[in-house]
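Data block below; observations after.
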Amino acid sequence: MGIVFGKISVETPKYTVVKSGDGYEIREYPPAVAAEITYDPSEFKDNKDGGFSVLAKYIGVFGKPENQKPEKIAMTAPVITKEGEKIAMTAPVVTKEEGGGGEKKTVTMQFLLPEVYKKAEDAPRPTDERVVIREEGGRKYGVVTFSGTAAESVVGEKVEKLRSDLERDGFKITGDYVLARYNPPWTLPPFKTNEVMIPVE
């Protein structure tokens, strides 16, 4: 029942708050291991969150885990998404969704794996070749937290404001934003926790 009201009962990444700004935080995150999939939403009937079921199957949310051991992996929060341009599957997507050009856009979705997995090779290998296990190094983000449904228009506004606040306060932005969502779809919107995160030096 708590999940409906926004209770987050799964592991979330540890971080250190380096600075609290006006409505945002600068956080440092330690290295982590992530399972990720990059896809064109048209593969999932234009559902931008279509990759979720593929990652959920890898960790065993729906039954037998789709990995070579097979080993059930605990779900964590948040689910991280980045939007990018059509590029090779192996490259990290660091480009923002741009309008025009008629080019199809990709989405990269990530599950951060539980802390027990220190290196990529510690994690069981996926049986679905679309799932990639990668190590995320330590990273620093400017972060703004908000509730409600993370609709594109809302996310866009949060990104623009955070970007201008960071630049005003002298931070150097080093890449594109990512969206972090902490709750399942059935959590009531007012109780949902979302974050927009922009990497900084």
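Relative to the current alpha-carbon distance between residue 40 and residue 127, full extension at 0.36 nm per residue lengthens the span by 29.3 nm. For the chain, the fraction of C-alpha pairs farther apart than 20 angstrom is 58 percent. Can you tell me the orientation of helix 152-168 relative to the chain, as the angle in degrees between its alpha-carbon axis and the longest Cα principal axis, to the nearest 10? That helix lies at roughly 50 degrees to the long axis. The simple spin-label model puts a point 7 Å past each Cα toward its Cβ; for residue 119 and residue 22 those points are separated by 4.7 nm. Given 39, 50, 63, which one lies farthest toward the positive end of the charge dipole of region 24-72, if we put +1 on the Cβ of every Lys and Arg and -1 on the Cβ of every Asp and Glu? After comparing all options, I get 63. A DSSP coil position with no more than 12 other Cβ atoms inside 10 Å describes the following chymotrypsin sites (Phe, Trp or Tyr not before Pro) in region 97-201: 186.
What does the accessible area per residue of the chain come to in Å², with a 1.4 Å probe and no ligands, DNA or RNA counted?
Details: 10720 Å² over 201 residues.
Roughly 53 Å² per residue, with all protein chains present.
The average projected area of region 150-201, computed from the convex hull of its Cα atoms over all directions, is 3.9 nm².
Residue 145 to residue 49: extension gain in nm, 0.36 nm per residue of separation minus the Cα-Cα distance?
Contour length minus the Cα-Cα distance gives 32.5 nm.
Here region 1-50 has 54 percent of its accessible surface on carbon and sulfur atoms, given a 1.4 Å probe and all protein chains in place.
Each label point was placed 7 Å from the Cα along the Cα-to-Cβ direction; for residue 168 and residue 135 their separation is 3.9 nm. Relative contact order of the chain: 28 percent, from C-alpha pairs under 8 Å at least 6 residues apart in sequence. Other residues lying with their Cβ under 12 Å from the Cβ of residue 17 contribute a combined charge of +2, Lys and Arg counting +1, Asp and Glu -1.
The values are calculated or read from the model by the stated rules, or taken from the named source; none is laboratory data. None of these values were measured; they are calculated from a predicted model. With ideal geometry, Cβ positions are generated from the backbone for all residues, glycine too; neighbour counts draw on all protein chains shown. Keep in mind that these areas ignore ligands, DNA and RNA; they rest on the heavy atoms of the full protein, side chains included. Shrake-Rupley method; radii C 1.70, N 1.55, O 1.52, S 1.80 Å.
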